[in-house]
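What follows is a short report on a single structure.
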């Protein structure tokens with residue numbers, strides 16, 4: 001195919017086959033996201049992990065990687081994590097391999113799928129970017145997830161954490177607060193380490209500016225945390241939803257090679273880009289289109 | 001020219017940044033994929049959206065899904081019942097967009113170049129962009145044949161509107 005035509009596919013049929021594959025994956029992603037809401041208690045377990053190994057051992061991480069593989073996005077693995085950012089890579093990425101484009105990032109479908117999952121299913125509004133792509137010469141595709149910090153705080157920290165912050169704001173010692181909350185000192189130490197990690201309190205156990213902002217924001221929030229079964233407890237339901245969603249996409253994929261192409265009468269084609277350039281105003285462009293239609297009649 | 005039908009749609013074409021509410025002129029039609037890009041037909045006219053002119057393609061509404069295709073000077077909005085088709089079409093086309101933002105910058109550079117401004121510092125100030133970015137654009141414009149020396153080429157002129165070309169000619173005393 002020539003330059004300016006569909007990206008470097010060997011034939012139009014090959015381009016349509018890739019579109020069919022993407023339609024199938026998009027259908028599956030939509031169905032998967034619709035049936036995979038994760039309870040905040042499980043999201044919290046992952047957010048509180050401080051190492052990749054810990055994250056890899058959470059049920060949520062295992063569910064997420066299985067889910068992405070089952071919809072056709074390849075085997076995702078976490079390579080880096082900090083408070084508000086995760087980096088995932090996909091070796092041998094099937095999406096990258098579907099394109100013949102070189103020197104460009106191609107895996108927007110994966111970025112969007114991760115973003116949908118984090119935002120809708122985990123309750124963590126996020127922005128996801130492909131930061132390295134096999135089609136740009138990288139060894140594997142890499143996706144960086146940037147999560148809204150407030151959303152992380154809202155899920156990672158619970159009512160007891162807020163009570164600890166409240167006590168610290170009133171200059172109470174951790175031991176005093178743990179007695180008031182009937183919490184053993186080890187748990188208090190663990191919770192303080194999490195608060196330090198999130199820069200809510202400093203090393204001297206004083207509430208930071210970030211901590212003050214968080215506390216004042218949450219003080220006026222009335223929120224009851226939802227509790228419902230984790231989606232991995234009923235994988236059959238998700239698998240069925242994905243299978244059902246794919247049926248129309250499969251039909252598209254097979255039809256793409258069977259349905260006749262429309263033969264376009266080139267005299268009736270309006271190249272919008274050219275017309276917009278030639279026309280001084282949109283009114284002129286519209287009037288041209290109306291004239292074409294009137295001439296037809 | 002051959003085209004493959006993807007979806008029955010409603011569509012609207014509106015000038016970018018015009019402030020005109022084009023919601024008035026939604027038309028019913030069909031969305032097609034062709035070798036050169038996207039085509040939409042209302043039954044009479046085939047509107048061609050060349051792939052190399054698409055700057056961005058985004059989903060603006062979920063239910064029903066609405067796809068916005070952005071080319072220089074125009075926004076084309078397409079609404080269809082099957083979300084997957086429009087979302088997948090976006091994912092399919094995104095990696096292939098060559099224009100994404102840079103063609104408009106190049107056109108602005110060529111316009112200023114044609115008007116006799118060649119100082120990267122001055123151009124960066126007029127284009128409200130970084131000077132290093134201007135150097136990159138000049139290099140690209142030379143490499144891709146939009147400018148040559150202190151002149152703009154025929155290919156460069158093709159990037160501009162007739163109004164811009166007339167303005168440059170007037171400025172250079174060549175007549176409108």
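Throughout, read-outs are computed from the coordinates displayed, never taken from laboratory work. Everything numeric in this text was worked out from a predicted model, so none of it was measured. Here Cβ is always computed from backbone atoms with ideal geometry, including for glycine, and neighbour counts include all displayed protein chains.
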| task | Any chance you could give the angle, 0 to 90 degrees and rounded to 10, that helix B:83-93 forms with the longest Cα principal axis of chain B? | result | 30
| message | For the pair residue B:143/residue B:56, report the inter-label distance in nm, with labels modelled 7 Å from Cα in the Cβ direction. | response | 2.4
| request: Report, in degrees rounded to the nearest 10, the 0 to 90 angle that the Cα long axis of helix A:185-197 makes with the longest principal axis of chain A. | output: 40
| note | Note to self: Kirkwood Rh of chain A, Cα pairs, one decimal, Å, is 23.1
| note | Taking alpha-carbon centroids only, the range A:52-89 lies from the range B:24-83 a number of Å equal to 35
| Please state the equivalent ellipsoid semi-axes for the range B:3-96: what are the square roots of 5 times the Cα gyration tensor eigenvalues, largest first, in whole Å? | 17, 15, 14
| message | Can you sort A:108, A:214 from fewest to most other Cβ atoms within 10 Å of each residue's own Cβ? | response | A:108, A:214
| remark: Mean per-residue count of partner chain Cβ within 10 Å for A:11-20 equals 3
| task | Starting with the fewest neighbours, write out A:78, B:57 ranked by other beta-carbon atoms found within 10 Å of each beta-carbon. | result | A:78, B:57
| Taking a spot 7 Å from the Cα of residue A:190 along the direction of its beta carbon, which residues of the range A:43-85 have an amide N less than 18 Å from it? | A:43-60
| field | Mean separation of Cα contacts under 8 Å, 6 or more apart, over the residue count of the range A:61-211: relative contact order % | value | 16
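Fewest first, what order do A:26, B:42 take by the number of other Cβ atoms within 10 Å?
B:42, A:26
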| request: Find the relative contact order for chain A and round it to a whole percent, using C-alpha pairs within less than 8 Å whose residues are 6+ positions apart. | output: 21
| query | For the Cα atoms of chain B, what angle does the longest principal axis make with the long axis of helix B:162-171, in degrees from 0 to 90, nearest 10? | reply | 10
| Whole-number percent relative contact order across the range B:3-96, with pairs defined as alpha carbons under 8 Å at least 6 apart | 27
